[in-house]
Amino acid sequence: YIIMLHTITIDHVKEALDQFNRGQKYLYNTITTTIKENQTNEHWLAQLLNELRDNVDLFENMNDQFLDFLQLQINWAKQTKVVLDTFGTFQITLISSNTKHAQRYLGFLFTLFAIPENSTNPPLVHDFAHETLQQLVLIVPLSLTLLCPTAEQHFPFMTKDVNIQVIYIRNLLRSLSYLSMQRSRYLEIIASKLIRIDVRINYKNL
């Protein structure tokens, strides 16, 4: 049973992470549960993300599990532009301070490319993904080398709904407007995936 916190300050987060690193997970679990419960509260979540942005040194050499939690456990498709932009600023600040975080965030952005269009505000989350991806490759030119492996890795599985495949491909193609040097490689990835999907469909129809 976890008691909820009404407000979470950066001091709560620091203490929770400190305890977590000493093997005590109660406060950490309380905080992550509270964040999940309050993720529809725009002002609350944006304020927390702003505090995290001002304390990126917390993630210098540890606490990656909290970054994973934020990316994986919050429903970003349902967030407002304010929250998305605040999260993007936090991540870009974080990556600027330590480029080792670039790969995690890059993977996260590519997962957003596959968010279906019938969910709440998908164009918003797609726009956000493209905006921050552009920022990321400017800040960390090295991330350009990660683009193709990441694009391939996060390509939706063949068993996924065809609409998700289409949305992902559409977003990959859209990203070529600012990642033109990836054109031939992206087209190779798309072509190879489409061939596999086509083979699978034909096989099922036999």
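The values are calculated or read from the model by the stated rules, or taken from the named source; none is laboratory data. Remember, predicted model here, so these are calculated numbers, not experimental data. Virtual Cβ from ideal backbone geometry, glycine too; neighbours counted across all protein chains shown.
The table for this structure:
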item	result
Residue identified as more than 23 Å from residue 151 (Cβ to Cβ), modelled with pLDDT under 90 and either among the polar types (S, T, N, Q) or assigned to a helix (DSSP H, G or I) (or both) among 61, 50	61
Residues that are loosely packed, with under 13 Cβ neighbours inside 10 Å, in a helix (DSSP H, G or I) and among the β-branched types (Val, Ile, Thr), drawn from the stretch 135-180	145, 162
Output for the stretch 71-87, where each listed residue is in a helix (DSSP H, G or I) and either in contact with a His (Cβ under 7 Å, 6 or more places away or on another chain) or surrounded by fewer than 20 Cβ atoms within 10 Å (Cβ to Cβ) (or both)	71, 72, 73, 77, 78, 81, 82, 85
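Table: residues versus (1) closer than 26 Å to residue 166 by Cβ; (2) among the aromatic types (Phe, Trp, Tyr); (3) touching a Pro at 6+ places or on another chain (Cβ under 9 Å); (4) touching a residue at least 12 places away in the same chain (Cβ under 8 Å).
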residue	(1), (2), (3), (4)
48	no, no, no, yes
55	no, no, no, yes
102	no, no, no, yes
107	yes, no, no, yes
114	yes, no, yes, yes
